[in-house]
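The values are calculated or read from the model by the stated rules, or taken from the named source; none is laboratory data. These numbers come from a predicted model, not from an experiment. Positions of Cβ are backbone-derived with ideal geometry, glycine not excepted, and every protein chain shown enters the neighbour counts. Accessible surface areas use protein heavy atoms only, side chains included; no ligands, DNA or RNA. Shrake-Rupley method; radii C 1.70, N 1.55, O 1.52, S 1.80 Å.
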Amino acid sequence: MAVFRSGLLVLTTPLASLVPRLAPILTSAARLVNHTLYVHLQPGMNLGGPAQPQSSPVQATFEVIDFITHLYAGADLHRHLDVRILLTNIRTKSFLPPLPSSVQNLAHPPEVVLTDFQTLDGSQYNPVKQQLERYATSCYSCCPQLSSVLLYPDYGPGMLPVQPLDVPLPSTIRPASPVARSAKQPVRGHQRGAVGGTFDRLHNAHKVLLSVACILAQEQLVVGVADKDLLKSKLLPELLQPYTERVEHLSEFLVDIKPSLSFDLIPLLDPYGPAGSDPSLEFLVVSEETYRGGMAVNRFRLENGLEELTLYQIQLLKDLNPKENEEDKVSSSSFRQQMLGNLLRPPHKRPELPPGCYVIGLTGISGSGKSSVAQRLKGLGAYVIDSDQLGHRSYAPGGPAYQPVVEAFGTDILHKDGTINRKVLGSRVFGNKKQLKILTDIVWPVIAKLAREEVDQAVAEGESCPHPKSDHPLSLGLPGWQNMVHEVWTVVIPETEAVRRIVERDGLSEAAAQSRLQSQMSGQQLVDQSHVVLSTLWEPHVTQRQVEKAWALLQKRISEAPSDP
């Protein structure tokens with residue numbers, strides 16, 4: 001069976017009858033398409049007649065919006081698939097401009113067109129497929145050699161479509177008043193509105209929020225994308241996509257689903273954004289989580305002499321299989337947690353390193369938990385080289401860095417027995433970038449030499465092992481020494497937690513702990529050059545699972561790496 005990168009799914013069954021068939025239809029589509037699946041709603045369309053079918057408007061009702069939510073929720077079971085429900089022919093009652101006469105260009109031209117239309121004999125009836133192909137190419141830009149497939153999930157030849165569900169779909173938009181609404185009730189359109197969010201790794205819950213906003217807006221949609229200070233409170237902010245990347249993905253999705261709209265994507269730097277100050281906006285789409293924020297926006301508008309916005313509160317999509325410590329909703333936070341332990345970028349090739357070892361540089365800000373992660377790796381079979389211990393050796397009396405450090409910082413950094421007082425030395429360098437550079441310029445080259453000697457020793461010890469590459473990966477905590485390692489692994493925690501740990505561990509004041517962190521590379525800077533990210537933010541057994549996952553994936557990478565000729 002051929003598998004296509006992008007496809008177009010044309011749904012012709014009335015929505016209520018389609019709901020119980022949706023899961024097998026999506027499963028069948030996911031087997032045929034492996035990247036982007038566009039969905040076009042045209043309930044009631046007949047592909048079996050002699051005349052070529054034409055696209056016709058679908059009135060935006062609460063049933064349509066609820067179905068779109070239901071479809072995105074079902075698509076969450078196939079997360080490899082980027083599903084995009086096209087809204088070009090979905091119109092609100094108050095705004096019914098004619099459908100576009102030209103074909104719509106899509107970001108990923110479909111290579112295959114699929115449909116749930118059913119022929120009487122249940123076969124891949126060729127004239128119907130030809131009609132389907134003609135219809136698809138009359139509406140959207142498709143690949144020249146477009147294939148077509150009629151989907152009949154879980155139905156035998158000649159079986160009739162199932163009857164509509166007696167139970168209505170869960171409501172997507174929570175009503176503003178307790179008055180019940182009909183599923184067939186039309187949705188009111190507005191000229192201009194707004195929606196906001198972080199939109200990290202655009203997922204199906206985002207797509208519901210954006211789709212509702214696009215249906216409501218008829219001329220322009222303002223999209224606020226959280227940036228800078230608004231990101232600090234996010235879980236694992238170091239793993240957030242950069243602002244420009246989030247905007248790029250968001251823009252492509254929005255233009256695909258409703259190109260007739262004008263989109264204004266702007267950085268959201270405060271809780272109010274343009275929704276709090278733009279007098280031309282009429283509505284704001286919020287989620288259950290951000291509804292209070294929407295109410296705060298309206299209070300802010302009233303205080304500044306502006307009319308309140310109509311708030312549309314969208315219910316959250318539930319995550320059917322949340323893991324421990326993950327949210328029970330579809331969220332970017334959970335996706336970032338799932339990235340922990342994964343390889344984020346290809347490892348370095350280091351032909352200059354001894355061939356019998358695979359070296360990991362383990363790093364992280366002070367207090368992040370590097371030592372505990374190193375011990376967990378050691379328990380799994382890693383040979384651990386502790387750069388702190390090498391540093392102690394380097395400036396112990398008689399060590400290669402001892403005399404240069406004393407000459408640079410004076411004899412008042414010494415204990416009575418002549419050893420270097422690390423606390424006094426630390427107070428000199430932490431918070432003073434010039435002094436810290438003097439120290440690192442002295443100590444790091446010495447530690448590098450000692451570390452290389454340890455690597456050579458580890459390789460020698462591993463010569464009798466049948467698989468030294470997989471049995472003896474090494475761990476080096478050497479910031480800035482990426483040239484010595486195949487991969488950089490970084491341990492991250494929030495700075496507030498790092499400060500708490502440093503205060504508790506080293507007996508420093510909060511100000512001194514913050515000064516120490518400010519003298520180091522930030523967690524974000526470390527992650528930007530890392531291959532694997534871990535976090536000790538949660539319970540020890542959660543950290544252990546992360547490390548075991550990262551270790552298992554490392555063993556797989558090593559075993560699958562091509563051997564040098």
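Applying the condition of being open to solvent by 30 Å² or more (accessible area, probe 1.4 Å) and either of a type in the set (A, V, I, L, M) or not assigned by the TED database to the domain that holds residue 35 (or both) to the stretch 51-91 and asking which residue is modelled with the lowest pLDDT yields 51. In summary, residue 324 fulfils each of the numbered conditions (1) touching a residue at least 12 places away in the same chain (Cβ under 8 Å); (2) surrounded by 12 or more Cβ atoms within 10 Å (Cβ to Cβ) with the single exception of condition (2). All of 233, 260 fail the test of being part of a loop (DSSP other than H, G, I, E, B), free of Cβ contacts under 8 Å to residues at least 12 places away in the same chain and open to solvent by 30 Å² or more (accessible area, probe 1.4 Å), apart from 233.
Tally time: how many residues in the stretch 348-389 are of a type in the set (S, T, N, Q) and touching a strand residue (DSSP E or B) at 6+ places or on another chain (Cβ under 8 Å)? Result for the stretch 348-389: 4. When we screen 234, 258, 228 for residues that are among the basic types (Lys, Arg) and at positive phi, the only hit is 228. Restricting attention to the stretch 427-452, the residues that are under 20 Å from residue 508 (Cα atoms) and within 38 Å of the chain's Cα centre (by Cα) total 6. Among the candidates 238, 252, 303, the residue that is modelled with pLDDT of 95 or more, open to solvent by 60 Å² or more (accessible area, probe 1.4 Å) and within 19 Å of the chain's Cα centre (by Cα) is uniquely 252.
Let's see how each residue does on (1) among the acidic types (Asp, Glu); (2) in contact with a Cys (Cβ under 8 Å, 6 or more places away or on another chain); (3) closer than 25 Å to residue 344 by Cβ:
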{"site": "251", "(1), (2), (3)": "no, no, yes"}
{"site": "258", "(1), (2), (3)": "no, yes, no"}
{"site": "272", "(1), (2), (3)": "no, no, no"}
{"site": "307", "(1), (2), (3)": "yes, no, no"}
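The condition (being within 21 Å of residue 23 (Cα to Cα) and modelled with pLDDT of 90 or more) is satisfied by just one residue among 103, 167, 113, 128: 113. Annotation: of all residues in the stretch 482-519 being part of a helix (DSSP H, G or I), of a type in the set (Gly, Ala, Ser) and open to solvent by 20 Å² or more (accessible area, probe 1.4 Å), the one that is farthest from residue 374 (Cα to Cα) is 511. For the stretch 197-215, the criterion of being surrounded by 24 or more Cβ atoms within 10 Å (Cβ to Cβ), part of a strand (DSSP E or B), in contact with a strand residue (DSSP E or B) (Cβ under 6 Å, 6 or more places away or on another chain) and in the same structural domain as residue 307 (by the TED database) is met by no residue. A single member of 359, 405 is in contact (Cβ under 8 Å) with a residue 12 or more places away in the chain, under 42 Å from the mean Cα position of the chain (by Cα) and open to solvent by less than 50 Å² (accessible area, probe 1.4 Å), and it is 359.
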